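Right, one structure below, let's go through it.
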There are 2 protein chains.
Amino acid sequence: MKITLAQLNYHIGNFKANKAKIIHTLEEARERGSDLVIFSELTVSGYPPLDLLERKEFIDACLRTVDEIAPHCRDIAAIVGSPSLNTHPEGKNLFNSAFFLHEGKVQDVIHKSLLPTYDIFDEYRHFEPNADFHTLSFKGKKIALTICEDLWDEQPIEMEFGKSRLYTLSPMQELAKEDPDLIINIAASPFAYNRIAAKREVFTGKAKSYGLPVFFVNQVGAQTELIFEGGSLVVNPGGEIVGEMKRFGEDVRDFLLEEVSGAEEIKISDPEDYIPEIHEALVLGLKDFFGKMGFTDAILGLSGGIDSAVSIVLAKEALGAEHVHALLLPSQFSSGHSVSDAEQLAQNLGTPYHIIPIKTAYDEFEKLLHPYFKDLPFDVTEENLQARIRAVLLMAFSNKFGYILLNTSNKSEAAVGYGTLYGDMSGGISVLGDIYKSDVYKLAHYINREQEVIPANILIKPPSAELAPGQKDSDSLPEYSRLDRILYHYIELQTPVEEIIEKGYDEETVLRTIRLVNNSEYKRYQAPPILRISSKAFGAGRRMPLVARYF
Amino acid sequence: MKITLAQLNYHIGNFKANKAKIIHTLEEARERGSDLVIFSELTVSGYPPLDLLERKEFIDACLRTVDEIAPHCRDIAAIVGSPSLNTHPEGKNLFNSAFFLHEGKVQDVIHKSLLPTYDIFDEYRHFEPNADFHTLSFKGKKIALTICEDLWDEQPIEMEFGKSRLYTLSPMQELAKEDPDLIINIAASPFAYNRIAAKREVFTGKAKSYGLPVFFVNQVGAQTELIFEGGSLVVNPGGEIVGEMKRFGEDVRDFLLEEVSGAEEIKISDPEDYIPEIHEALVLGLKDFFGKMGFTDAILGLSGGIDSAVSIVLAKEALGAEHVHALLLPSQFSSGHSVSDAEQLAQNLGTPYHIIPIKTAYDEFEKLLHPYFKDLPFDVTEENLQARIRAVLLMAFSNKFGYILLNTSNKSEAAVGYGTLYGDMSGGISVLGDIYKSDVYKLAHYINREQEVIPANILIKPPSAELAPGQKDSDSLPEYSRLDRILYHYIELQTPVEEIIEKGYDEETVLRTIRLVNNSEYKRYQAPPILRISSKAFGAGRRMPLVARYF
């Protein structure tokens, strides 16, 4: 049996484009003599459709699309993901389903049993869990068809509650009762640089446990902040990976079921070598955000610092040099090298740039405010004023020319609230908001691995917001190397504060850091969507009350 | 049996303050000879704690607080809400529980079965549903103790999927098997002006179905955007409301169980008369946002329009006149009456205000931008520029003096994206973001019911953003009366677009409106939290993909 894995990039709600892509892939696979084409989870709508699932007409469009694809499944079968209606009078309106299409019509529908409802996932918000298990029969083989999380019943829980499993049910255990010949998993599993190995182990583990080959088809491409890496897998019954599809790109590949069992393990990338993966993820994230929003050009402020430098390089890779516009917006506190470093960078990249000093605007605001502020000392107000004047200029270009403003804040800053609302926190999408400062440096070095794209001076000077005379980040924050470790424990690992201190971090620094995080929830509430590359990004995956008093 | 209903205002995560309030209420009830004090859902932590529930130390603090309250329950019993640990090796870490405290210790723990996971609710994100039902025995009575949604199994589903019930289980049906004597429901059920009658019917319906008295204790007070109205109820076995506690305020009342069955129905407020309720809700929402964030003073821009007028009146009621600071920020496009109307309003209220014309700042930006914009026509860029200059000035006051900026956009504007990101969309909290323009007018008339607080001229002039010469809202938007009905169908009722048109609205207007809504998701993503007074507010209760192409 020739099985085709179709790892494609969908656009949420764009039924016409998604359908065309699916049918085109089916036609090509038929020509290659494929028996079965497997598409990813919620194929027809794209994943995640979020509350569009609450609109009846959206569901009708999904089902209509499945019906329109079915006639193309003659002499070839397909597995296509779509929401389906729960016809019981009680329970949630929908199932998250896989449609088995063959002989021109829907032959069977399998529903998802384990509905991830944590981090960025809200599936129980819309879907009823399945409790009725059966395999599919096709060409004399019994297929255990599972949907994404259905194979994740044994996933380890990292949080500090000492529980071994999130789920009380194992769909694969149920399906195993029918003695299947292979396992198929259709998924929309987003990228996280610190979960690369764990994700592979889900599929190799299941293959080994049940002594069955596993065909895993993942969605690829970005949907707003979520980046799906693809990386679909074929695993032999011994639990060895015998096929891995493109990471961060569309890919369609045929596999002979009969050959998979005897196939040899292939060499795959080292999950510890994650910086190149983050790099690819961000470029794909930017490219898809612009493409799917219907925009072509970006604008950003180049400060001469490392964050905007890395951001502009990634934007150039995603959009092309002529589609990335830089403004250099020095204030009276900017050092001379800031402008010259930024200029050098723009020239290295060949991106258009303009220099607009903001001092006259700053002075005008000072004049307007002086009757009320009188001789009150310079403080964060005047620092924020500079950041906000820059945002006004950047947004004017954005509005006038139809560019999307890129936010260039990093995760360390976002965590401790070291940023100005409506100032440098502005933007249509945040490029680096899920990347700690230490990793931003690693990205910069990676970018410079073959030639000096980012001027060396940008990499070696001490980080500074340059909003006050002689200011350095280290005046008000711990050194980033320590800060980032404390933040990783607190945010990603949810380590209790006492235990963080026990790990050898200075108590005062830990408590100060954590209070900064907690007291800046209100700022992050209004931040732009952040391209997510870790298991816990700020944004929809982390929901904190603003009025809480805690630590 | 004397039963005390304790309807109190908690602060999320402020265990010390919550505990003190609980113990104080217990001591006073004991002195009055009460047998049992009933507190609301998740009493010790406040509701909703959101992802703080993922922190082990937060759960430890909840459980420690329950243990510290227990010794105060001698000669009196209490029902206190708290998360509890799920001790099974599999499943979610926590239950949403009610602790029955008596004789100085925890006697029993009841878990919630129906976990709302829709709109603003995310309970299945953190909690395992209960499946083990038993009543509590106390003083010879059997108590069916339920937690909020547990009694909502029959709630009607308004969406267009033709399903009758969201849940496949009825906790009360299970508990009824033990033949209980009364029903208790501890809740954290937020206010929605279009759900007042439906909420009462849940409790009167259950009382009547089972022929049992119902004691419903709700949380009161606001937690960021969610406003809990209290309005706890006592219902006799005939399904008549015999006790209703304060709406929008703390209240503690004793009821004799023996008297409830024979008690007569009381007169309650008309749910159709919702404008005074919205008014009270917003004042409470503002008061608690400032109080719980630890702030005392607000600032806002007064434009001379209706939205900022209603906002400042509400802020004055919540914070006091001297704690509300207004800036009048006319541009060259502001009409003379805008400033004089706004001044008159500030004088009526006795709130301090300053007038800062923004033309010089606008001219300075024009000058900075001219080399790049050259002779391109005046467009939305220049309109946004004015709005953003105002935000810069307002935020400067906010930063310098520690005021929170109030956002004064209404729901109609927010829906169609008629607002400037980082301009008039700025603010720490949105006062009117869940109120359609038509209802903003009704609120204004209600405010003026006894005397002219808001100058009449503000109520009668046609709405205008005054960002371009002679501009009126009606130049680019349908009349608000029609617009608001279309929006209500699309957003609150989720009516399919075709059906909205069938209701008699012009097709082109409907499609244009809906495209405006869909195309401005990216703006609302960055909007401040919005005080929620309806069943579907923008914000956490409505999650839309930004990159979707849909209509």
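What follows is calculated from the coordinates using simple rules that are stated; it is not laboratory data. Remember, predicted model here, so these are calculated numbers, not experimental data. Reconstructed Cβ throughout: ideal geometry from the backbone, glycine too, with neighbour counts over all protein chains shown.
Observations
- For A:Q471, inter-copy separations between label points set 7 Å beyond Cα along the Cβ vector come to 3.1 nm, shortest first.
- Taking the centroid of alpha carbons for each part, the range A:424-463 and the range B:225-298 are 53 Å apart.
- Two-decimal ratio, chain A, of alpha-carbon radius of gyration to 2.2 N^0.38 Å: 1.05
- For the range A:345-441, the extents of the C-alpha atoms along the principal axes are 43, 32, 23 Å, listed from largest to smallest.
- For B:H354, the distances from its label point to the matching points in the remaining copies are 3.1 nm, ordered from shortest, with each point set 7 Å beyond Cα toward Cβ.
- Part-to-part distance (alpha-carbon centres) for the range B:12-51 and the range B:333-373, which is given in Å: 48
- With Cα atoms as the point set, the range A:89-137 shows a radius of gyration and Dmax of 12.7, 40 Å.
- Based on alpha-carbon atoms, the Kirkwood radius and the radius of gyration of the range B:2-266 give Rg/Rh equal to 0.93.
- Under a 5 Å amide H cut-off, with hydrogens placed 1.01 Å from N, A:L182 pairs with A:K142, A:A144 among residues at least 5 apart or on other chains.
- Count Lys and Arg as plus one, Asp and Glu as minus one, and take only other residues whose Cβ is under 15 Å from that of B:G350; the net charge is then -4.
- Inverse mean reciprocal Cα-Cα distance (Kirkwood Rh) of the range A:442-501, Å: 14.1
- Taking one quarter of the surface of the convex hull spanned by the alpha-carbon atoms of the protein assembly as shown gives a direction-averaged projected area of 42.9 nm².
- Working from Cα pairs under 8 Å separated by at least six residues, relative contact order for the range A:2-272 is 18 percent.
- Based on DSSP H segments of at least four residues, each scored -39500 (n - 2.57), the protein assembly as shown has a per-residue ellipticity at 222 nm of -11000 deg cm²/dmol.
- Annotation: amide H-H contacts under 5 Å for A:T4 (H modelled 1.01 Å from N, sequence separation of 5 or more, or interchain): A:D35, A:L36, A:V37, A:I38, A:F255.
- Using alpha carbons only: equivalent-ellipsoid semi-axes of the range B:42-152, gyration tensor based, whole Å: 23, 17, 12
- Here's how it looks for B:I299: its modeled amide H is under 5 Å from those of B:H325, B:I404, B:L405, B:L406, which are all 5 or more places away or on a different chain.
- Cβ neighbours within 10 Å from other chains - mean over B:496-506: 1
- Shielding by partners - mean other protein chain Cβ count within 10 Å, residues of B:202-211: 0
- Estimated vicinal HN-Hα couplings, Hz - the range A:488-500 in sequence order (Karplus 6.51, -1.76, 1.60; Gly, Pro = x): 4, 5, 6, 8, 6, 8, 6, 5, x, 4, 4, 5, 4
- For B:535-547, mean number of other protein chain Cβ atoms within 10 Å: 6
- Semi-axes of the equivalent ellipsoid for the range B:281-389, Cα gyration tensor, largest first, Å: 32, 16, 11
- Rh (Kirkwood; distinct C-alpha pairs) - the range A:277-473, Å: 17.0
- Shortest-first nm distances, B:H445 label point to equivalent points in other copies (7 Å, Cα→Cβ): 6.9
- For the range A:388-463, the spread of Cα positions along the three principal axes, ordered from largest to smallest, is 37, 29, 20 Å.
- Its relative contact order, with pairs defined as Cα atoms under 8 Å and 6+ residues apart, puts chain A at 12 percent.
- Taking Cα atoms only, the orientation of helix A:15-31 departs from the longest principal axis of chain A by about 50 degrees.
- FRET efficiency for A:K267 and A:K141, using Cβ-Cβ distance with R0 set to 25 Å, rounded to 0.05: 0.30
- Förster-model FRET efficiency, 22 Å R0, B:K374 and A:Q332, C-beta, rounded to 0.05: 0.20
- Fully extending the segment from A:S209 to A:R253, taken as 0.36 nm per residue of separation minus the present Cα-Cα distance, adds 13.3 nm.
- Distance between the range B:136-155 and the range A:70-105 - C-alpha centres, whole angstrom: 40
- Taking Cα atoms only, the orientation of helix A:336-349 departs from the longest principal axis of chain A by about 30 degrees.
- DSSP bridge pairs, chain B: antiparallel proportion in percent, nearest 5: 55
- Counted by neighbouring Cβ atoms within 10 Å, the residues A:H88, A:H279 run from fewest to most as A:H88, A:H279.
- Sorting the segments A:526-537, A:14-25, B:318-329, A:261-272 by their mean number of nearby beta carbons within 10 angstrom, highest to lowest, gives A:526-537, B:318-329, A:14-25, A:261-272.
- Compared with the dominant principal axis of the Cα atoms in chain A, helix A:380-401 is inclined by about 60°.
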